[in-house]
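Colleague: Quick one: this structure, given as structure tokens, is what I'll be asking you about.
The values are calculated or read from the model by the stated rules, or taken from the named source; none is laboratory data. Everything quoted here is computed from the prediction, not taken from an experiment. Neighbour counts run over all protein chains shown; Cβ positions are idealised from the backbone, glycine included. To get the accessible areas, we keep the full protein, side chains included, count just its heavy atoms, and leave off ligands, DNA and RNA. Shrake-Rupley method; radii C 1.70, N 1.55, O 1.52, S 1.80 Å.
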Amino acid sequence: MAKAGYYGSYGGRFVPETLMEALYELEKSYQAICGEESFRRELDFYLKEYAGRETPLTFCRNMSEDLGCRIYLKREDLMHGGAHKLNNTLGQAILAKHMGKKRLIAETGAGQHGVATAIAGAVTGLPVEVYMGSTDCERQKLNVFRMELMGAKVHPVESGTATLKDATNEALREYAASSADTHYLIGSVVGPHPFPEIVRDFQSVIGTETKEQILKAEGRLPDEAIACVGGGSNAIGLFHPFLKNDVRLTGVEAGGRGDAPGDNGASVRFGRPGVLHGALSYLIQDECGQIGTTHSISAGLDYPGVGPEHSMLNDSGRVSYGIAYDDEVINAFRYLSVKEGIIPALESAHAIAYAINNADRFDRDDIVVICLSGRGDKDVATVSSIMADEKTEALKER
């Protein structure tokens, strides 16, 4: 970073004056505690003994044979809760307790971050309230039930498109009103400084473990590492420990229904710099500079922005950003299920789809690591409905 809170020209702290004190307090507390051995010991205990780290790096024999290279999956889907999100929520929940906060609030799209916050709140004894767009509540009913089962209160948000952007707006409003005793547990590498830095640090365990595991398995680093990108937390977690190595890094955004405005969630591909939710970053905007509408089959990638560090990495060319369209994602969801017996989250299926689409540029000895950020239980109903519609259409054509 050129200066604290900035990644090149991106990042910063674009918030109302009423929030500045809370962000200063958070920055100061995090800097003081992150290097303390007692904090690291406590976090390590929860990650290892409670969450199930380290997660496996699985060699996929069938997929490797099919795609013509050596494919490994970093299995964040095997974390307690079913996604990488718990790395960050445990870290921030412990931090909040050390800061003397009495309550956690969060926003969620696919529900994975909401579930992970509910888990972290339950195990650390902090009440949790989660803001979630009503559209996402409907398509992720299972995760709403899981949050409520673990004691979290879920607030459906009806404003705007009733998705992640609108849930984030509501969570920020609540944070501004209650920051004295409440910690806003942001789930991705977005938002005002210091959130992108904190979330990246807690998620970097993904890349650190991957590096050690691939060196043990293959004796060298991978040729390419691939991860899906919405806000970009699992991707930055995988990429960050590899930034100084000769490894191709590829983020895959939501191509949605197509390239037309409103049909996708690919902020890097189709966005331009602007300010949203407290930070300067690539955003999908209309011709007047207003935040544009988005679409993705995966609720977790249905967001008009991307983390500021990703924006810098795109501009520098250190990370490449591709897209996968909804129909390719559905095919990838089914492909991994059939080929390896692993049902991926629709978010993670974007990374699988990208690997399939680019198989012809891999050599037989190339090592490719894909971050499987979450498991697909939450998406089975969505995909089942799509497959039923496909069968109906096929019968009509006979």
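Colleague: Determine Rg/Rh for the chain; Rg is computed over alpha-carbon atoms and Rh is the Kirkwood hydrodynamic estimate from the same atoms.
Modeller: Taking Rg over the Kirkwood Rh, I get 0.95.
Colleague: Also, I was wondering about something else. Using a 1.4 Å probe and counting only protein heavy atoms, arrange 242, 59, 145 so the residue with the most accessible area comes first.
Modeller: 145, 59, 242
Colleague: A further question follows. List the extent of the Cα atoms of the range 171-257 along each of their three principal axes, largest first, rounded to whole Å.
Modeller: 52, 35, 18
Colleague: Another question, if that's okay. Going down the list 74/339; 28/165; 102/153; 74/211; 74/216, which pairs span over 18 Å between their C-alpha atoms? Intermediate results must be reported in sequence, preceding the final value.
Modeller: Values: 74/339 16 Å; 28/165 28 Å; 102/153 15 Å; 74/211 11 Å; 74/216 14 Å.
Violating the 18 Å Cα-Cα cut-off are 28/165.
Colleague: Okay, helix-only estimate at 222 nm for the chain: each DSSP H run of n ≥ 4 adds -39500 (n - 2.57), divide by all residues, round to 500 deg cm²/dmol; what do you get?
Modeller: Details: 16 runs with 178 residues, N = 398.
Taking each H run of at least 4 residues, the total per residue is -13500 deg cm²/dmol.
Colleague: With a 1.4 Å probe and all protein chains kept in place, how do 78, 73 rank by accessible area, largest first?
Modeller: Working: 78 90, 73 0 Å².
I get 78, 73, largest accessible area first.
Colleague: Still on this model: Can you give me the long-range amide H partners of residue 102? Hydrogens built in the peptide plane at 1.01 Å from N, cutoff under 5 Å, separation of 5 or more residues or another chain.
Modeller: For residue 102, the qualifying residues are 182, 183.
Colleague: Oh, and also: Please compute P(r) over all alpha-carbon pairs of the range 50-93, binned at 10 Å starting from zero, and give each bin as a whole-number percent.
Modeller: Pair shares across the bins are 28, 38, 23, 10, 1.
Colleague: Any idea what Rg and Dmax come out to for the range 229-292 if you just take the C-alpha atoms, in Å?
Modeller: When restricted to Cα atoms, the range 229-292 yields Rg and Dmax of 13.5, 40 Å.
Colleague: Kirkwood hydrodynamic radius, the range 1-94, all distinct C-alpha pairs: what's the number in Å?
Modeller: By the Kirkwood definition, the hydrodynamic radius is 16.7 Å.
Colleague: Then there's this: Based on the Cβ-Cβ distance from residue 389 to residue 245, what FRET efficiency comes out when R0 is 41 Å, to the nearest 0.05?
Modeller: Approximately 0.40, to the nearest 0.05.
Colleague: Would you kindly derive the ³J(HN,Hα) couplings of the range 341-349 from the backbone phi angles with the Karplus curve 6.51 cos²θ - 1.76 cosθ + 1.60 (θ = phi - 60°), listing them in order in whole Hz, with x for Gly and Pro?
Modeller: So the Karplus estimates, Gly and Pro as x, are x, 10, 9, x, 4, 4, 4, 5, 4 Hz.
Colleague: On to the next question. Take the Cβ-Cβ distance between residue 365 and residue 34 as r, set R0 to 41 Å, and report the resulting FRET efficiency rounded to the nearest 0.05.
Modeller: 0.55
Colleague: Let me ask something else about it. Suppose accessible area is computed on protein heavy atoms with a 1.4 Å probe; arrange 174, 138 from highest to lowest.
Modeller: Details: 174 50, 138 115 Å².
Ranked from most to least accessible, the order is 138, 174.
Colleague: Here's another thing I want to ask about it. Hull surface divided by four, with the convex hull built on the Cα atoms of the range 275-366: how many nm²?
Modeller: The Cα convex hull of the range 275-366, projected and averaged over all directions, gives 7.8 nm².
Colleague: Using the Kirkwood radius built from alpha carbon pairs, what does the Stokes-Einstein equation give as D for the range 320-389 at 4 °C and 1.567 mPa s, in µm² per second?
Modeller: In µm²/s, the coefficient rounds to 103.
Colleague: Starting from the Cα-Cα distance between residue 148 and residue 338, subtract it from 0.36 nm times their residue separation and give me the gain in nm to one decimal.
Modeller: Extra length available between residue 148 and residue 338 comes to 65.2 nm.
Colleague: While we're on this one: Considering only protein heavy atoms, what is the solvent-accessible area of residue 204 at a probe of 1.4 Å, reported in Å² to the nearest 10?
Modeller: 20
Colleague: Under a cut-off of 21 Å between alpha-carbon atoms, report the lysines in cross-link reach of residue 396, not counting same-chain residues fewer than 8 places apart.
Modeller: Cα-Cα hits under 21 Å: none found.
Colleague: Using modelled amide H (1.01 Å from N, peptide plane; none on Pro or chain starts), what sits under 5 Å from the amide H of residue 370, excluding residues fewer than 5 places away?
Modeller: 72, 73, 74, 226
Colleague: Next question. Length gain on complete extension for the stretch residue 134 to residue 173, per 0.36 nm per residue less the alpha carbon to alpha carbon distance?
Modeller: 12.3 nm
Colleague: Please compute the per residue accessible area over the range 172-300 with all protein chains in place, 1.4 Å probe, rounded to a whole number of Å².
Modeller: 34
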